[in-house]
Structure formats: C-alpha cells, structure tokens
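Below is one structure; the comments refer to it alone.
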Amino acid sequence: MRKILIVGAGHAGLHLAHGLLTHGYDVTVITGQSSMEIRTGRASISQFTFPTALNYEREHDLDLWSALAPQIRDQTIHLYPGKGELMSLTGRTGTGNDYAVSVDRRIKMADWLEYFEDRGGKVVIHGVTVTDLDYFSRMFDLIVVAVGHGELGQLFDYDESRFSGARPRSIAQAHIYDVWPVEGENENIGWSATAAEAGNIFFIPILGPEGPCHNLLMVDKRGGPMDAWPDRPAPEEQLRRMKDLLRRYAPEYFERAKDAVLVDGKNSTLIDYLTPQVRNPVGTLPSGGKVLGMADVVVTMDPYVGQSWNNSTRCAKAYLESIIEHGDRPFDEEFLVSAFDRFWEFGLYNQQWSEMCSTWWDQGEMSPGMLELLSAATKYREVSDRWIQGWDYSPDYSKWLLDPQLASEYVAEVRARHGD
C-alpha cells in the first residue's frame, strides 16, 4: 500500500485525502489546527461550490450540507458603468436540477477533517517545517503540500512561464443577517457586481456556523475605492464602511443590506490582502527530494472571480486521477509536473477569465464587443445561462467569451435562431 502525506487540511488537501482513502491508499494529513480550532476560528474568504464540484464531492460522500445550505440556482450580475447607470443579467448556475452552494470554510474543513479520521485516515496536529518534510520524505512515497504560507510556500518559485494576471487585491468580508429580499425574487439567488469606479462585490446566501445567512464580499485593487481598511477597523465599523461603499457604488445592494447586522460580532468579518500568482508546482527539499504543491499553493486565484474552491476541487481531482493511473511507479519529478499540467488544462482558463474581468473597465468603459455580449445576455436567456454556467466550467469561455471574434459569431447565431 502506497503511503502519501498531505500537508494542510484545506479544501484541496482534504478533498484529495478522501479520494485517496477511497482508493485504498495509506493517507496521512498533517495540519497545524485541530478540527475544533478550525471550527471556532475566524471566517476565511467565502467561496462557491459549483454544480460539477458538488457532484465530485458526492462521489466521495463529501456533500454533507446540501440539506441545510441555501441552494443557489440562479445568479444575477450587476454592472455599474458609472453616472448611476446599471446593466444586469441573470442566469442559471447549472442545468436541470443542479445548483451551487456556499458553505463556510470553518464548517466544511472541520467536518471533512473529522470524517477523514472516522474513515481510518491518519491525522497529525502539528506544525511542519522544511526540515520536517526532509525527514518525512524517507517515510512516504509522495508528499503533497497544500499549505502556501511561511517557509513551506518558499519551496515553490514563481513560474513566469505560466499566465497569472497577478494584481494585488484588497478584500473585505462580512457575514450578515436581516437582508432585505427583492420582491418576486428567490431569496437564495446569488448577486455579484462590478463597478467601473471601484471593484467587485459578491452578495450570496451561505451556510454559516450559526445557520443560513448572507456573505458580503468586496474585492478591489490595492489603493482602490474599496480598499478602505488600512486601519483594520473593528467589525461594526467595518460593516458600516461596507454599507457606505454600497450606497455609493452599488445602490441596489445597499437597499438590501442597509439594515443588516453581523451574525457574530467577533468572528463575522475579514480583512485580507493577497496577490494572485502561479508558482512552480515542484518544490525541492534540502536533501534533493521533491514535493508536489497543489491548488492555492501554486495557483493563488484572484478573488475577483470567486473560483478558489473550484480550482481546488479540479486540482484534487486531477491529482487523484494522476496518482491512480501512475500505479506503482516512482513519483519522480516528471510525474509531479505532469500531474500539475493535467490540472492546468482547467486552471489556465480560470486565469484568463480572471484577467478579462480585471480589465473590463481599464479604459474607463467596456469595449464595444463586450457591450454587444452584454446586450445579448440581457435579451436572450441562453446567453446569460451560458455565461453563468461558465463559472462552473471556465474552459467553455475559450469557445466564445474570451475571443472577440468567436463571441461575435456566437451572438449572431443566437440572434439568427430567434429571427432577429
């Protein structure tokens, strides 16, 4: 039985750990936090679990919350070009009866970690250094690093050969109650916005530690209008400032959140700064041994597009399939690179889509081609559905949204089908 060590109990690492356990591998997870410490800690950046990722979780009996979490079947995008203008489109998050969910990381990771141990996986609660990994490399056939901070992250150099679209980001988040619904609209619809004068906003129903609530997330470039947190304000003051920003840049969002209160005055808010980046997936230990980085360790997604967990799930699936197919052969550097390349076939399109979203307003207004696409998406539901469902599977964007010529041809085809 091949022995595999996964360092880190995050979304990607635990998803991979459960998958390997299902296929009979001897799996150990080492993490610096116990499940109780994860469960009672501060919130992390909230994420979507899109329909395909949710189905991957179900393959390993990891969808533990669909009966409790708000089921997000539709998503509305609001665009604010400025001067009080508003454009919007609404699309389905999945096909048929599929839906997306958002589950607070504290719940998801704590439950997955405990479930992994219940299933017979080994869990070690301890910090890890590079020296520790050097020692562990003699005990395990493969080491996967799913922790990107501290000295472990320094094992993985920046990879300038791969497209990253890195932009330093400012992030503010709050979990809130008492959100006003929109008349005639399902209360579990997701909202997201982008403003020419500011950044992006996600406003989504989520399952938090206290039950269903809403997550308000703001992302902007460093120094932008929504980077209003240099003094790291207390939770109540942070929420007040977030409401002020909504009033100024996204008034429809302010109307829904104007009376909102924090779920928990202590642990409901988050302020963070990060720079999206792509790193070399292979880390070299002092002894010359190799380790494989995964998900956020090697591809830190821009929170502008809410794709971190989608990336994590796709990475875990690609690594699992690569490990199983590799059989009893050594996990050499060639294998490590090929496993990452398998994931990158998906991850590259996420990066390109993120770049497109980041440059929408660079000239102060959208391009004529993008305006044509938006006009079609507001008129034809098949276009808006495809747009939103691309959040689940971004490689589809390469066939239309990311290419101006293909996008124009697609819009023309849709109009022709409708006799316009």
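Restricting segment 331-363 to residues that are out of contact with any Lys or Arg (no Cβ under 7 Å at 6 or more places or on another chain), more than 27 Å from Q389 (Cα to Cα) and touching a residue at least 40 places away in the same chain (Cβ under 8 Å), the residue that is surrounded by the most Cβ atoms within 10 Å (Cβ to Cβ) is F331. Consider segment 307-328 and keep the residues that are open to solvent by 10 Å² or more (accessible area, probe 1.4 Å) and under 14 Å from the mean Cα position of the chain (by Cα). The one that is modelled with the highest pLDDT is R314. When segment 283-300 is filtered for residues that are farther than 20 Å from G223 by Cβ, open to solvent by 10 Å² or more (accessible area, probe 1.4 Å), in contact (Cβ under 8 Å) with a residue 12 or more places away in the chain and not charged (D, E, K, R), the ones remaining, listed by number, are T284, P286, S287, G289. Residues in segment 204-218 that are within 20 Å of the chain's Cα centre (by Cα), outside any loop (DSSP other than H, G, I, E, B) and farther than 15 Å from T49 by Cα: P212, C213, H214, L216, L217, M218.
Only one of the numbered conditions (1) under 23 Å from M109 (Cβ atoms); (2) over 24 Å from the mean Cα position of the chain (by Cα); (3) among the β-branched types (V, I, T) is not met by V263, and that is (2). No other residue among D74, D63 is without any contact (Cβ under 8 Å) to a residue 40 or more places away in the chain and crowded, with 17+ Cβ neighbours inside 10 Å apart from D63.
Residue count for segment 219-257 under the criterion of being in a helix (DSSP H, G or I), open to solvent by less than 30 Å² (accessible area, probe 1.4 Å) and among the charged types (D, E, K, R): the result is 1. With respect to S88, determine if the residue is under 24 Å from M242 (Cβ atoms), part of a strand (DSSP E or B), hydroxyl-bearing (S, T, Y) and open to solvent by less than 30 Å² (accessible area, probe 1.4 Å). The answer is no for S88.
Is it the case that segment 240-247 has a residue that's under 30 Å from V297 (Cα atoms) and touching a helix residue (DSSP H, G or I) at 6+ places or on another chain (Cβ under 9 Å)? Yes: segment 240-247 contains one or more residues that are under 30 Å from V297 (Cα atoms) and touching a helix residue (DSSP H, G or I) at 6+ places or on another chain (Cβ under 9 Å). Residue pairs whose Cβ atoms lie under 8 Å apart, separated by 6 or more positions or on different chains, with the first residue in segment 111-129 and touching a residue at least 60 places away in the same chain (Cβ under 8 Å) and the second of a type in the set (D, E, K, R) and assigned to a helix (DSSP H, G or I), are V123/E117. Pairs only if they're at least six apart or on different chains, beta carbon under 6 angstrom, first in segment 5-19 and under 14 Å from I125 (Cα atoms), second of a type in the set (G, A, S) and open to solvent by less than 10 Å² (accessible area, probe 1.4 Å); list them, first residue then second. That search, which allows pairs on different chains as well, returns I6/G13; I6/A17. Listed conditions (1) touching a Ser or Thr at 6+ places or on another chain (Cβ under 8 Å); (2) of a type in the set (A, V, I, L, M); (3) not in a helix (DSSP H, G or I) are all met by L401, apart from (1).
The values are calculated or read from the model by the stated rules, or taken from the named source; none is laboratory data. Keep in mind that what you see is a predicted model, and the values were worked out from it rather than measured. In this analysis, Cβ positions are derived from the backbone assuming ideal geometry, glycine residues included, and neighbour counts consider all displayed protein chains. Keep in mind that these areas ignore ligands, DNA and RNA; they rest on the heavy atoms of the full protein, side chains included. Shrake-Rupley method; radii C 1.70, N 1.55, O 1.52, S 1.80 Å.
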